[in-house]
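The values are calculated or read from the model by the stated rules, or taken from the named source; none is laboratory data. Please read these numbers as outputs of a predicted model, since none were measured by experiment. Every residue, glycine as well, gets a Cβ built from its backbone with ideal geometry; the counts of neighbours run over all protein chains shown. Each accessible area value is taken on the protein alone, full model and side chains, heavy atoms only, with ligands, DNA and RNA left out. Shrake-Rupley method; radii C 1.70, N 1.55, O 1.52, S 1.80 Å.
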Amino acid sequence: MINVYSWFIIALQTFTEFETRIKRIPNYRTTHICPLGMWHDYFKSLYNSVPDNHDRDYVVNACSEVNKDVFDYISVTDVANAIHGLTVAKSAGPNGPVSESFINSGMKLCIHLSLFYTLCIRHGYLPIHFMDINIIPLVKNKCVDLTDINNYRAIALCNVESKILEKIILSKVLSYSDHDKYQFGFKKQHSTTLCAGIVKQSIEYYISRGSHVFVCFVDFCKAFDKVNYWTL
C-alpha cells in the first residue's frame with residue numbers, strides 16, 4: 001500500500017484558478033467542498049487501486065537472497081558520487097533541505113550518511129519520516145475545466161537523503177533481463193523518440209517492398225499510475 005499524505009503543496013496561481021472555478025458550482029457554500037480532501041481521496045484511491053497479487057512476498061524473498069557482498073555496506077565514495085549526481089534547482093522535500101545543501105557540504109556529511117545508510121541496509125530498516133513525500137497536483141491542460149479531478153496529475157517530492165540512497169542502490173543494481181533491449185523509456189541513453197524512429201523505419205522497409213503493414217497501438221488509461229510496482 002502506498003501512503004498518501006493529506007497535505008499538498010499547491011502553486012498559488014493554480015489554486016486561485018481552481019478556487020475561482022469551483023465557486024461557480026451551485027450551492028458551493030453549502031456543499032462543503034474541500035479541494036485538499038478531494039485530491040487526497042482521489043490520489044489515495046488511484047495509487048492503491050492495483051492489488052499486489054502476492055508479488056510483494058516474492059520481492060521480499062528475493063531480497064533475502066541478494067548477494068550480501070553487494071549490499072554489505074555503503075562506502076563514503078558511494079555517497080559522494082551520488083551527491084555529485086544530484087540535480088540542482090529542484091524543490092525541497094517535506095523536511096526542507098535542497099540538493100545544493102548536500103552538494104556544497106563537506107566530506108564529514110558523506111561519512112555520517114555512509115554510516116547511516118550502511119546501518120539501514122544491514123538492519124533492513126528505514127525511519128518512517130525518511131520516506132515522507134509531498135504530493136503536488138499539477139494541471140494537465142489549463143484550457144479545460146480546472147474543477148475536473150482527472151485534469152490533474154501528481155508528482156512526488158521526496159527528501160534529498162532519500163534520493164541519495166536511491167542513486168546508490170541504482171548504481172549497484174544490474175539487470176540481466178533479455179527484455180531490456182526492447183525498452184526505450186526510462187532507460188539511460190534511450191528515449192521514446194528512438195522507438196518511434198524504429199517503427200517508422202520498419203514500416204518504410206516493408207512498404208517499399210510491396211508488403212502491407214498493420215500496426216496496433218495500445219493506450220492504457222492512467223497506465224503509469226496503475227503500475228504494480230512490486231511486479232516492476
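Overview of results
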| item | result |
| --- | --- |
| Computed accessible area, ARG56, all protein chains, 1.4 angstrom probe, square angstrom | 110 |
| Linear extension gain, GLU100 paired with SER49, 0.36 nm per residue minus alpha-carbon span | 14.7 nm |
| In nm, spacing of pseudo-spin labels at TYR125 and LYS181 (7 Å Cα→C-beta vector) | 4.5 |
| Full-extension gain in nm, SER202 to MET38, via 0.36 nm per residue minus C-alpha separation | 54.4 nm |
| Full-stretch length increase - LEU170, CYS195 - with 0.36 nm per residue and alpha-carbon distance subtracted | 6.6 nm |
| Computed P(r) (all Cα pairs; the range 111-232; 5 Å bins; percent) | 2, 7, 9, 14, 15, 14, 14, 10, 7, 5, 3, 2, 1, 0 |
| Cross-link table LYS44/LYS90; LYS163/LYS222; LYS44/LYS172; LYS44/LYS188; LYS108/LYS188; LYS140/LYS172, entries beyond 29 Å C-alpha to C-alpha | LYS44/LYS172; LYS44/LYS188; LYS108/LYS188; LYS140/LYS172 |
| Per residue, in Å², the accessible surface of the range 156-232 once ligands and nucleic acids are set aside, probe 1.4 Å | 85 |
| Estimated inter-spin distance, CYS216 and ALA156, nm [label 7 Å along Cα→Cβ] | 3.3 |
| Mean separation of Cα contacts under 8 Å, 6 or more apart, over the residue count of the range 54-144: relative contact order % | 33 |
| Accessible-area composition of the range 102-213, carbon plus sulfur, in percent [1.4 Å probe] | 61 |
| The range 105-232, relative contact order in percent, only Cα pairs under 8 angstrom and at least six apart counted | 13 |
